[in-house]
Amino acid sequence: MTDRDKVNQEGERLQKVLAHAGVASRRAAEALIKAGRVKVNGKVVQQLGTKVFPHDQILLDDKPINRDQKSCYVLLNKPPGVITSARDPQGRTTVLDLVDIPGVRLYPVGRLDYDTSGLLLLTNDGELAYRLMHPRFEIEKTYLVGIRNAPNPDSLQRLAQGVELEDGLTAPAKVRYCGMKQMGKQSLHVVEITIHEGRNRQVRRMFDAVGYPVVALKRIRLGPLVLDKTLREGNYRHLTQEEIKALKAQVGL
Ligand code: URA
């Protein structure tokens, strides 16, 4: 049995996991547990030696710990009104204000517009980030698009086949009308669209081109990553080992 198999089957002591995550020494980690500052899957755990498994969510002072010190992969549910860059000259909130992991320098993988919400991956794994953004790998991204009026079938077909934008024809997309749904505070007609290109403001421009300006836009999938229904806007979680493996497999790593 490999070490990883053993951890998967038998779990690891919570204080050891905290120490490996760079939170504190083993002894100091024990003190944090006793003080009730550590939660496992939402519940305070004060019992030393509690076994935890790789899929367990561990929080210290309500912030997820980083169980993989070497590389860090974070899935953020970006709220609208937050900028996807490291710093903003106008002083607006950035995604890095929301994901502040001490000692880890993260970068967003691709961009979501200021008003777009949903799944944003942040990592310090430069090679993976580079490949995920490279058009060669055709990573699929799925969005929920909120529009004011019910779309006609012709427009949906045009979106699926490709629309002419100022930077050229878009590649074929998967398009599905989902009916009326609540998006944020508004009830809107919602279209689900999956594209694999990553042009600037692509989805908004595609919908503009067919006469349905986007009122709300949310990304719900990036390759094998799916936005959890339970992850609230502004919150984040670390990817599981399975998700990291699946992401890497999609880009030949
Ligand atoms: N397409 C857009 O128009 N905006 C985004 O934020 C993402 C995709």
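The values are calculated or read from the model by the stated rules, or taken from the named source; none is laboratory data. Just so it is clear, the structure is predicted and the values come from calculations on it, not from any experiment. As a convention, Cβ positions derive from the backbone with ideal geometry for all residues, glycine included, and neighbour counts pool all protein chains shown.
Numerical summary
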| read-out | value |
| --- | --- |
| Some residue of the stretch 153-175 being under 21 Å from Asn200 (Cα atoms), among the polar types (S, T, N, Q), touching a Pro at 6+ places or on another chain (Cβ under 7 Å) and at pLDDT 95 or above | yes |
| Residue within the stretch 130-138 that is in a loop (DSSP other than H, G, I, E, B), of a type in the set (Lys, Arg), surrounded by 11 or more Cβ atoms within 10 Å (Cβ to Cβ) and in contact (Cβ under 8 Å) with a residue 40 or more places away in the chain present | no |
| Hey, Gly146 within 14 Å of the ligand (Cβ to nearest atom) and modelled with pLDDT under 95 or not | no |
| Number of the condition not met by Ile101 [criteria: (1) free of Cβ contacts under 8 Å to residues at least 40 places away in the same chain; (2) in contact with an Asp or Glu (Cβ under 8 Å, 6 or more places away or on another chain)] | (2) |
| Cβ pairs under 9 Å, 6+ apart, first in the stretch 3-21 and within 12 Å of His55 (Cα to Cα), second loosely packed, with under 11 Cβ neighbours inside 10 Å and at pLDDT below 85 | Gln9/Met1 |
| Count - residues of the stretch 139-151 that are surrounded by 13 or more Cβ atoms within 10 Å (Cβ to Cβ) and not in a strand (DSSP E or B) | 3 |
| Hey, Glu192 over 14 Å from Glu140 (Cβ atoms) and in contact (Cβ under 8 Å) with a residue 40 or more places away in the chain or not | no |
| Unique residue being crowded, with 16+ Cβ neighbours inside 10 Å and either touching a strand residue (DSSP E or B) at 6+ places or on another chain (Cβ under 9 Å) or not acidic (Asp, Glu) (or both) when the list is Asp125, Asp115 | Asp125 |
| Test: residue in the stretch 109-126 that is more than 16 Å from the ligand (Cβ to nearest atom), part of a helix (DSSP H, G or I) and either among the aromatic types (Phe, Trp, Tyr) or modelled with pLDDT under 95 (or both) | yes |
